[in-house]
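Colleague: Before anything else, here's the structure in question.
The values are calculated or read from the model by the stated rules, or taken from the named source; none is laboratory data. These numbers were taken from a predicted model, which means no experiment stands behind them. Here the Cβ positions follow ideal geometry from the backbone for every residue, glycine too, while neighbour counts run over all protein chains shown.
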Amino acid sequence: MINPTTQSQPPIVVERLTKRFGDFVAVDDVSFSVGAGEVFGWLGPNGAGKTTTIRMLLGLLKPTSGRTAVLGLDSATQTKAMHAQVGYMTQQFTLYTDLTAWQNIRFYGGVYGMPAAQLRARIPEIIRMAGLEDRAHALTSTLSGGWKQRLALGCAIVHRPKVVFLDEPTAGVDPISRREFWQLIYAMAAEGVTVLVTTHYMDEAELCQRIGFISQGRLVALDTPERLKQTQMRGQVLEVDVSNPEQALRVLKDAQQRGQLPLEEVALYGARIHAVVPDARAYKAAIGDLLAAEQLEVRALEWIMPTLEDVFIASVRGPRPPDTAAA
């Protein structure tokens, strides 16, 4: 059981967490912890239970069973004390567009109960952190998505929280702004802030120190990105560079449905195809011959290491490993 008075426990602890809405199980017996200064990725398809998990960690939803603790405080019973020490950035930027960037930061500092003198000193620090020096007095409605994103993060951390929850914070933001945002995340982690982030972007997931995959409410994999690639992939990946990838994909999917080839998964990755088979050496020639028979030019057909996206798809579609819940 979680002991709120224990100072040595990780900043985020989840124990056998379950949330039911009627007959629907949104989160199903999930357990994990996140260490101090760790950047932890929480990944899953839409509706998998990611946001529900975060809302229970924040005490915004009561769990059906199980417990969560943040900074040693029980999320369900010590919510107010816990909120004073955490930051939360939601999927939608919770900014007041008729206020300036400076005014938004001041407002949120007041919400968190910061003393006036402390807040006056903190606002310029947040402005510099977010790179908003030239936009501090611009109406938030005039800022681009990337600038709003930085401002929203600044508002979430104005009170110097020790734990920050980021729920799909970069959705709809351009790649350069996403990269700059992640630099801010790692700057926080370097100062000892614990960060739990949900994302749909696999390049962002690669930046996390550890990742948990959640599917249909259940934790299906938990480890570092590299270890997940080594241990969680069912089958081996053949990458196909072919003259007409869309047609080739249809051919391979037809072969999969007919049982002609034991393809675990076949999907487009850019202009190439990834085909997951039990044994790459054994089925390489068969795939090449099948495509050639359809008058498709196979330029390259190579066994490659799986990408994190390959592993993610394999994990959420496959059977749940028996030992992940205790990880």
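Colleague: Is it the case, given these coordinates, that residue 41 is closer than 25 Å to residue 188 by Cα, under 19 Å from the mean Cα position of the chain (by Cα) and not in a strand (DSSP E or B)?
Modeller: no
Colleague: Let me ask something else about it. Among the listed residues 238, 222, which satisfies the condition of being under 22 Å from the mean Cα position of the chain (by Cα), buried (at least 16 other Cβ atoms within 10 Å of the Cβ) and not in a loop (DSSP other than H, G, I, E, B)?
Modeller: 222
Colleague: If I ask for residues that are touching a strand residue (DSSP E or B) at 6+ places or on another chain (Cβ under 8 Å), in contact (Cβ under 8 Å) with a residue 60 or more places away in the chain and not aliphatic (A, V, I, L, M), which ones from the range 74-111 would you list?
Modeller: Of everything in the range 74-111, those that are touching a strand residue (DSSP E or B) at 6+ places or on another chain (Cβ under 8 Å), in contact (Cβ under 8 Å) with a residue 60 or more places away in the chain and not aliphatic (A, V, I, L, M) turn out to be 74, 85, 87, 88, 90, 91.
Colleague: Can you name the condition, by its number, that residue 94 falls short on among (1) outside any helix (DSSP H, G or I); (2) in contact with a His (Cβ under 9 Å, 6 or more places away or on another chain)?
Modeller: Against the list (1) outside any helix (DSSP H, G or I); (2) in contact with a His (Cβ under 9 Å, 6 or more places away or on another chain), residue 94 comes up short only on (2).
Colleague: If you scan the range 192-217, which residues turn out to be assigned to a loop (DSSP other than H, G, I, E, B) and modelled with pLDDT of 90 or more?
Modeller: Those that are assigned to a loop (DSSP other than H, G, I, E, B) and modelled with pLDDT of 90 or more: 192, 193, 206, 207, 208, 209, 216, 217.
Colleague: Being touching a Ser or Thr at 6+ places or on another chain (Cβ under 9 Å) and assigned to a loop (DSSP other than H, G, I, E, B) is the filter; apply it to the range 118-142 and report the residue that is surrounded by the most Cβ atoms within 10 Å (Cβ to Cβ).
Modeller: Among those that are touching a Ser or Thr at 6+ places or on another chain (Cβ under 9 Å) and assigned to a loop (DSSP other than H, G, I, E, B), it is 135.
Colleague: Count, please, the residues in the range 58-75 that happen to be of a type outside the set (Val, Ile, Thr), in contact with a helix residue (DSSP H, G or I) (Cβ under 9 Å, 6 or more places away or on another chain) and on the phi < 0 side of the Ramachandran plot.
Modeller: The total comes to 9.
Colleague: Consider residue 189 carefully, then state whether it is assigned to a strand (DSSP E or B) and over 12 Å from the mean Cα position of the chain (by Cα).
Modeller: Numbers: assigned to a strand (DSSP E or B): no; over 12 Å from the mean Cα position of the chain (by Cα): yes.
No, not satisfied.
Colleague: Continuing with the same structure: With the condition kept exactly as written, say whether any residue in the range 282-297 is within 33 Å of the chain's Cα centre (by Cα) and surrounded by 17 or more Cβ atoms within 10 Å (Cβ to Cβ).
Modeller: Taking every residue of the range 282-297 in turn, none turns out to be within 33 Å of the chain's Cα centre (by Cα) and surrounded by 17 or more Cβ atoms within 10 Å (Cβ to Cβ).
Colleague: While we're here: In contact with a Phe, Trp or Tyr (Cβ under 9 Å, 6 or more places away or on another chain) and assigned to a loop (DSSP other than H, G, I, E, B) - does that describe any residue in the range 70-80?
Modeller: Among the residues of the range 70-80, not one is in contact with a Phe, Trp or Tyr (Cβ under 9 Å, 6 or more places away or on another chain) and assigned to a loop (DSSP other than H, G, I, E, B), which makes the answer no.
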